[in-house]
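Quick notes on the structure that follows.
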Amino acid sequence: MKKHIFLTLGLGTLIFFYMYMASILNRYLQDMANLTFQVYTYVTFNQLAYIPIGFILGFRCWNEQRKREGSWKLDKIRISIIGIPSLYFLLIPYMIKVEPLFPLIMITNSSLSAAIQVVFGYILVTSFYKEEQFL
């Protein structure tokens, strides 16, 4: 029980520290974009910054899978139903110049973008699992 509490506190602290450092870097990139009028780095960072939080949240599941016996498999259904649409929302229209399928206001919403980044990171980590091989 104590191990579970310490692991949860450790992950929470790691998430808090990461968000703090990401906000400092975000502010720096925003200031640089204002000075140089080159916004590509700032926009790219904003579209990918919170994916590691999803990694951190999915770490416990991945760690349990790592300890199991068997070979690694990828949950293709989970990736195709949740992962690829999440990636679509993150990359369109900022990085890949194609016509969006959804309203632009929905895609460029920063709150939605942060949530989708966390979901994408979590799905990416938890889609890997070990499957026992029977002889």
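A few notes on this one:
- Top-ranked residue of segment 7-41 - restricted to ones that are of a type in the set (Gly, Ala, Ser) and under 20 Å from the mean Cα position of the chain (by Cα), ranked as farthest from residue 118 (Cα to Cα): 10
- The residues of segment 72-82 that are outside any helix (DSSP H, G or I) and surrounded by 15 or more Cβ atoms within 10 Å (Cβ to Cβ) amount to a single one, 75.
- Neighbours by Cβ (under 8 Å, 6+ apart or cross-chain): first from segment 116-135, over 12 Å from residue 84 (Cα atoms); second among the aromatic types (Phe, Trp, Tyr) and assigned to a helix (DSSP H, G or I): 122/55; 125/55; 125/59; 125/62; 126/62; 128/62
Every number in this text was worked out from the coordinates using simple rules, so none of it is lab data. Just so we're clear, the structure is a prediction, and the values are computed from it rather than from any experiment. Here Cβ is always computed from backbone atoms with ideal geometry, including for glycine, and neighbour counts include all displayed protein chains.
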